[in-house]
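Trainee: Below: one structure in C-alpha cells.
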Amino acid sequence: MPRFAWLFVRILYRMAINMKKAWPYRLFTLLFLAICAAPALGTMAFGPSESIANESLVPAPRLQRPDGLANWAFFSDASDWFAKHFAFRRELITADSALKAALFQTSAQEQVALGKDGWLYYAETVDDYTGADALTPRQAFCAARALRLAQDWAESQGCFFAFTIAPNKISLYPQHFPGELPKGETAAQQLSACLAGQGVAYADLFAALGSSEETLYHAADSHWTNRGAALAHDALLGELGVEGAAAHTKAGSYQNTHAADLYAMLYPASPWLDKQFVWDEPLQFTYDTPVRGPDDIHIYTTSTAVANGSLLMFRDSFGNALHGLMAESFNRAFFTRATPYDLIQANEYGYVVLEIVERNIPRLAEGGFLFPAPKVQPDGVPRGRFTGKIDCQPVPGQPGYVQVSGCGLASTCPDARVYLEADGAFYEAIPTVTAEGEGFSALLPASAAEAGICCWVER
C-alpha cells in the first residue's frame, strides 16, 4: 500500500483515540471512518474496479483538454470517474442486489425486473407488453412507409429485402413475470398491420419462435439463445426465398457458458454463467477482418459452405447470436450496427435484411434511413404546403446528394405522404415522428436542391 495511504489510516486512528468518549463510541467511530475510507484506500492499493455490464464508460480525468488548454472540470471529471471505478464496487453492488432480492423481492437496478424461477427481464419492456408504449397511428405509418421505401430502393438495386423484429423476452415468456400483467395492443402488432398494408417483406419471429415448445431465451439475459437465433435464421431465409440447411436442425447441447447481461447488471462480481446451446460443429465461415467480439459495429465475413450470394444486414444486439448463422448461409456478408441505415451501398449485395428488437420499434419512425428519395408523380396536385424551415446538409461520402429535413408538419390523416418539389420534379420523402413533432427526411440530388425545395404533405 502506498506510503500516503498508511499515513491516512494513522490520522483516522489518532482522531478516534483522542475523542473524549467511552471506548464503544471510539470503536464505532473508527469503524465508520474505516468503512468510509475503504473505497478510496482500496483503489489506491488494488487499482480501480471495472465497469459493470451495459454501463457507459467514464474516461479517466485529465489535467489538460485535447486542445491543450487546462481542464477546469478536472475535479468534476475525477468525481464521475471515481463513482464508477472505486474499489470493491462490483462486490458491493452484488451484495446489495442479493440482499434486496432475498429480503424484499425487489431489484436493486431499475433496468432489471425480477421474475419467477430465477428469470430476469429488461424492465422497460414491461410497458411494451402492456401497450403503455404503443405507437400513435402516425408513428406506425411513418415506420412502415420508411421500410417500404427502403424495400423499393433495395429492389431497384437488384436486391431481395426482408425486415424482422426480434421479440422482447417478455412477449414470448410472460408466465415467468410476477403478478398478472394486462396485455394491450403492442407497437409490434401495430407495425405488423401497417407492414401488411404497405406490402413490406416481413419475417414474423413472434409466430416462428412462439410456436416452439422449447425455451429459446436465456433465463437471466434479455436475448435469445443460439437455438432461438437458429429459428430466426430459418424464418429470414424463408422470407428471402433462399434455399439452405435449416439451422435449427444443427446438433449441439446446452452448457453453462453464457455471461448473461441482466444477471451481470445485478450481480457483477458473481462468476455464474447462464445456459447456452453450443453447436457440436463450428459454423462454416471466416471473418474477413479481425473482430473484438460479436458486438463490433462492422463485421465482414466469407463462407464457402453455400452459393447464396452476398448479404447486407442491419442488426442490433440480437445479431450477436444470429450473425454467425447468417454468415454461414451467404458467400459474403456485411453486418452493421451503425445508424442511419445506409442502403446506398445495397447495390453491392444481393440480399438486404433489417433486424430490430421490439423495444426499439419507435426509432423506425424517426427517419434513420439513407437512400435516394424516389421520383414520383403524386395523384393530382399535392395540397398542404409546408411553410416551416427546410434544412439541407451535405452527406459525408456522398458529394452528389444533400440530406433534406424539416419538422412541424400538420397532417390531417395518419397515412399522409410527404412530397418534395425540386427543380420541376417530385420526390417522396420519408415521413417522420420525433420528439419535436411530425416531419420528413429525404436524400435529394444536390443539383435539384440548389434550385429550391418546396414541401407538400397530403391532406
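Trainee: Rounded, prolate or oblate: which fits region 120-366 when a ≥ b ≥ c are the square roots of the eigenvalues of the alpha-carbon gyration tensor, with rounded for a/c under 1.5 and prolate only if a/b beats b/c? Provide the component values of the computation, followed by the final result.
Mentor: Values: a/c = 1.70, a/b = 1.06, b/c = 1.60.
Since a/c reaches 1.5 but b/c is at least a/b, the shape of region 120-366 is classed as oblate.
Trainee: Which trypsin sites (Lys or Arg not before Pro) in region 286-349 pass both tests, a DSSP loop state and at most 13 other beta-carbon atoms within 10 Å? It would help to have the intermediate numbers written out before the result.
Mentor: Details: sites: 292, 315, 332, 337; in loops: 292, 315, 337.
Here the sparse-neighbourhood loop sites are 292.
Trainee: Still on this structure: Identify the trypsin sites (Lys or Arg not before Pro) of region 363-442 meeting these criteria: DSSP loop state and at most 13 other C-beta atoms within 10 Å of the C-beta.
Mentor: Values: sites: 363, 375, 383, 385, 389, 417; in loops: 383, 389, 417.
Taking region 363-442 and a limit of 13 other Cβ atoms within 10 Å, the loop trypsin sites (Lys or Arg not before Pro) found are 383, 389.
Trainee: List every residue whose amide H lies under 5 Å from the amide H of residue 168, counting only residues 5 or more places away in sequence or on a different chain, with H placed 1.01 Å from N in the peptide plane.
Mentor: HN-HN under 5 Å from residue 168: 358, 359.
Trainee: Net charge near residue 119, counting Lys/Arg +1 and Asp/Glu -1 over other residues with Cβ under 15 Å of its Cβ? Could the numbers behind the result be given before it?
Mentor: Working: positive: 116, 169, 275; negative: 117, 221, 261, 274.
Neighbourhood net charge equals -1.
Trainee: So if we plug the beta-carbon distance of residue 278 and residue 99 into 1/(1 + (r/R0)^6) with R0 = 45 Å, what FRET efficiency do we get, rounded to 0.05? Please list the in-between numbers first.
Mentor: On the way: r = 34 Å, r/R0 = 0.75.
For residue 278 and residue 99, the calculated efficiency is 0.85.
Trainee: Rounded to the nearest 20 debye, what is the charge dipole size of region 105-221 about its Cα centre when +1 sits on each Lys and Arg Cβ and -1 on each Asp and Glu Cβ?
Mentor: Values: 6 positive and 14 negative charges, 66 e Å.
The dipole of region 105-221 has a size of about 320 debye.
Trainee: To the nearest 20 debye, what is the magnitude of the charge dipole of region 229-326 about its Cα centre, counting +1 on the Cβ of each Lys and Arg and -1 on the Cβ of each Asp and Glu?
Mentor: Details: 4 positive and 11 negative charges, 27 e Å.
The calculated dipole for region 229-326 is roughly 120 debye.
Trainee: Can you pull out the trypsin sites (Lys or Arg not before Pro) in region 101-160 whose DSSP state is coil and whose Cβ has at most 13 other Cβ atoms within 10 Å? It would help to have the intermediate numbers written out before the result.
Mentor: Working: sites: 116, 138, 145, 148; in loops: 116.
Taking region 101-160 and a limit of 13 other Cβ atoms within 10 Å, the loop trypsin sites (Lys or Arg not before Pro) found are 116.
Trainee: Quick one: grab the alpha carbon gyration tensor of region 372-457, order the square roots of its eigenvalues as a ≥ b ≥ c, and give me rounded if a/c is under 1.5, else prolate or oblate depending on whether a/b is larger than b/c.
Mentor: oblate
Trainee: Which of the pairs 100/275; 116/250; 169/275; 250/275; 100/183 have their Cα atoms more than 20 Å apart in this structure? Please report the intermediate quantities before stating the final value.
Mentor: Working: 100/275 25 Å; 116/250 31 Å; 169/275 16 Å; 250/275 17 Å; 100/183 28 Å.
Result: 100/275; 116/250; 100/183 exceed 20 Å.
Trainee: What does the charge count near residue 306 come to, summing +1 for each Lys or Arg and -1 for each Asp or Glu among other residues with Cβ under 9 Å from its Cβ?
Mentor: The answer is -2.
Trainee: Excluding residue 211 itself, calculate the net charge of residues whose Cβ lies under 15 Å from the Cβ of residue 211, where each Lys or Arg counts +1 and each Asp or Glu counts -1.
Mentor: Values: positive: 227; negative: 204, 213, 214, 234.
Local charge sum for residue 211: -3.
Trainee: At a Förster distance of 22 Å, what's the computed FRET efficiency of residue 207 paired with residue 175, Cβ-Cβ distance as r, to 0.05? Could you put the intermediate results ahead of the total?
Mentor: Details: r = 18 Å, r/R0 = 0.83.
My answer for the efficiency is 0.75.
Trainee: When the Karplus curve 6.51 cos²θ - 1.76 cosθ + 1.60 is applied with θ = phi - 60°, which whole-Hz ³J(HN,Hα) does each residue of region 174-180 get, with x for Gly and Pro?
Mentor: Listing the rounded values in order: x, 5, 8, 8, x, x, 9 Hz.
No value in this document is a laboratory result; all are computed from the given coordinates. Quick caveat, the model's predicted, so the values are computed rather than measured. With ideal geometry, Cβ positions are generated from the backbone for all residues, glycine too; neighbour counts draw on all protein chains shown.
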